[in-house]
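Shown next, in structure tokens, is the structure this report addresses.
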Amino acid sequence: MIRQAIIPLAGLGTRLLPLTSVFAKELLPMNGKPNIEYILDECINSGIKEIIFIISKKKLMIKKYFYSDSFYKKIIKKKKDLRTINEYKKILKYKKMIKFVYQNKPLGTADAVLKSKKYIKDKYFLMLLPDDLIIKKNCSKAMIKSHKFHKASVMASMKVNKKTVSRWGIYKFGKKLNKNDTIIKDVIEKPSVNSAPSNKAIIGRYILPKKIFKIIPKLKTGAGGEIHITDAIRELIFKNEKFIAHNFAGKYLDCGSMDGYIKSSIEISKL
Ligand code: UTP
């Protein structure tokens, strides 16, 4: 059973400057609701019971968003406004499920994942990258179903334009297991157009095995001077861990770049 999810939030968000010079990108509103709440709702609706946020001191604003109880109480007492009461109830529901851990130096996604090690209880856990929103269908729920059936690690997958492979983790595929699931034989972080093994990319949803924590400390720095989770996954594949690419049914929205954020906000406002 997948009961825990981790969400790395300790990145610098340089592609969304100047907004991110003072603001956590995960709190940027998409049709009046912070990006992170869409991610939390996806987790909750897929049966996740505990969520670990990996933040940094620079992103304490994210914790404050869920810990403003005294402010809410004061306002509610004074105004008795129904909308505020309902929003506060929702925040309390999220707060009960979230634990915070810290990665104060953004050394890469694998290093961020490692910070959650002592909290992970089960053999497998879910990881969501909040820059990647998937709307219309619950991608995590479908991946958990796939994990249960195949008893394997699972990653969300999408076909991308060949010219853009250097933006993604790209995988080499093996046997097709059914309409949506395929065995992954290798994965490469941000390959050049010439070295990419396909045009199938990994999107920010992963069901990872707890044993990944043993691999991460041995990793060398990879593309862009960071320690990537893709490199840890690669090692696991070489050690015969079964990884499956799940072609998700929902619509992918990129919220990590300025252009993507603007387009995603428009798309979400149409829902
Ligand atoms: P990205 O590298 O795609 O985004 O990280 P970023 O670093 O936040 O932003 P840019 O590239 O400078 O614009 C993917 C996810 O991993 C987290 C980020 O917060 C983001 O959710 N991350 C990244 C960490 O938690 N720690 C890191 O060291 C790196």
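Structural remarks
- Total residues in region 135-165, condition outside any helix (DSSP H, G or I), under 21 Å from Glu241 (Cβ atoms) and among the basic types (Lys, Arg): 1
- Consider region 108-157 and keep the residues that are within 16 Å of the ligand (Cβ to nearest atom), closer than 21 Å to Ile184 by Cβ and not hydrophobic (A, V, I, L, M, F, W, C). The one that is farthest from the chain's Cα centre (by Cα) is Gly108.
- Any hit, region 27-49, residues being assigned to a loop (DSSP other than H, G, I, E, B), touching a Ser or Thr at 6+ places or on another chain (Cβ under 7 Å), within 16 Å of the ligand (Cβ to nearest atom) and at pLDDT 95 or above: no
- Counted residues, region 89-127 - those being among the aromatic types (Phe, Trp, Tyr), surrounded by 15 or more Cβ atoms within 10 Å (Cβ to Cβ) and not in a strand (DSSP E or B): 1
- Filter result for Ile244 (touching an Asp or Glu at 6+ places or on another chain (Cβ under 8 Å), surrounded by 15 or more Cβ atoms within 10 Å (Cβ to Cβ), part of a helix (DSSP H, G or I) and in contact (Cβ under 8 Å) with a residue 12 or more places away in the chain): no
- Checking Leu253 against (1) surrounded by 15 or more Cβ atoms within 10 Å (Cβ to Cβ); (2) in contact with a strand residue (DSSP E or B) (Cβ under 9 Å, 6 or more places away or on another chain); (3) in a helix (DSSP H, G or I); (4) not polar (S, T, N, Q), the condition it does not meet: (3)
- Test: residue in region 170-190 that is among the hydroxyl-bearing types (Ser, Thr, Tyr), assigned to a strand (DSSP E or B) and within 16 Å of the ligand (Cβ to nearest atom): no
The values are calculated or read from the model by the stated rules, or taken from the named source; none is laboratory data. What you see is a predicted model; the values in this text were computed from it and never measured. Counting neighbours? That spans all protein chains shown, and the Cβs are built from the backbone with ideal geometry, glycine included.
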